[in-house]
Amino acid sequence: MYDIMKCRLCLQQAKLCNSHVIPEFFYEKMQLYDCKHRFNILSTEHRKHPRIVQKGIREKLLCKNCENKLSQWEGYAHKVLYERECIATTTKSAKGFECEIDYKKFKLFQLSILWRVGISTQDGFSSINLGKHETTIRNMLLSEVPGDTETYGCVILYSSKHIDITSNMIHCIGMSDIDETAWVGIMLGGFFCFFFLSKKAIDPRQRELFFQDTGHLRILMTNQDPYQFIEHLANDLYNANPNRFNQLKN
């Protein structure tokens with residue numbers, strides 16, 4: 001169960017756990033496991049056959065103390081996302097779900113997922129390269145400092161489009177760049193999370209969609225294809241600062 005290696009979070013030599021890249025509660029809620037806690041990994045590469053994995057995608061990443069640190073934030077996020085545990089009254093509408101929650105716990109949970117997919121060596125996350133942000137986020141997690149609203153801001157979208165399929169999938173959408181604003185997309189059982197790695201060119205309309213450092217969380221609901229959201233996002237960024245795009249073209 002344990003190997004003596006350097007923990008990726010505290011950087012100390014220790015017995016490492018077989019850590020989940022994506023928190024296990026997502027697998028459990030999606031009912032991906034069979035009676036033995038196994039599930040299938042599918043690949044779009046032609047020569048790769050489906051393979052069975054036990055208890056989610058894992059690898060040697062964290063020592064026991066750091067594993068426990070992340071587990072506390074995961075436990076809180078599980079209650080927020082699936083049990084609707086909120087500090088203040090929840091608002092539901094056709095446009096989304098809004099509530100007031102503990103900013104520090106949930107933001108650190110978000111950052112921990114972004115960081116883990118960035119450092120993972122698993123094939124499914126190979127498209128994510130956080131570069132200099134990897135160390136920055138690691139230090140934020142280690143010191144438990146979540147940063148402000150715009151620091152690695154995250155937009156959460158829940159799309160009913162193809163929900164019969166996406167609600168049972170964990171998928172790394174990938175990494176892209178819009179006018180020097182890099183973002184990472186991850187699909188977690190119907191939840192589409194878009195992390196912004198830079199504050200450059202962010203329009204106020206996007207800023208309002210981030211998890212706010214006041215504790216205000218908004219999950220957008222849509223019946224459109226989530227990739228249309230990305231197109232709208234690119235258009236909004238262009239309309240907010242068209243001169244930047246024109247300069248890039250010249």
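Every residue in the stretch 82-91 that is under 12 Å from residue 23 (Cβ atoms) and touching a strand residue (DSSP E or B) at 6+ places or on another chain (Cβ under 7 Å), please.
Residues satisfying the conditions do not exist here.
Select from the stretch 64-96 the residues that are within 20 Å of residue 213 (Cα to Cα) and part of a strand (DSSP E or B) and list them in ascending order.
Selection gives 91, 96.
Quick one: in the stretch 222-235, which of the residues that are touching a Lys or Arg at 6+ places or on another chain (Cβ under 8 Å) and surrounded by 15 or more Cβ atoms within 10 Å (Cβ to Cβ) is modelled with the highest pLDDT?
In this case the residue turns out to be 222.
Quick check: is even one residue across the stretch 52-63 closer than 30 Å to residue 221 by Cβ, at pLDDT below 80 and in a loop (DSSP other than H, G, I, E, B)? Walk me through how you get there before you give the answer.
Residues of the stretch 52-63 that are closer than 30 Å to residue 221 by Cβ, as a first pass: 56-57.
Applying the additional criterion that residues be at pLDDT below 80 yields 56-57.
Subsequent filtering for residues that are in a loop (DSSP other than H, G, I, E, B) retains 56-57.
Yes: the stretch 52-63 contains one or more residues that are closer than 30 Å to residue 221 by Cβ, at pLDDT below 80 and in a loop (DSSP other than H, G, I, E, B).
Would you pick out the residues in the stretch 88-108 that are open to solvent by less than 10 Å² (accessible area, probe 1.4 Å) and without any contact (Cβ under 8 Å) to a residue 60 or more places away in the chain?
108
The values are calculated or read from the model by the stated rules, or taken from the named source; none is laboratory data. What you see is a predicted model, and the numbers here were worked out from it, not measured in a lab. So basically every Cβ, Gly included, is an ideal-geometry build from the backbone, and we count neighbours across all protein chains shown. SASA here: full protein model, heavy atoms, side chains in, ligands and nucleic acids out. Shrake-Rupley method; radii C 1.70, N 1.55, O 1.52, S 1.80 Å.
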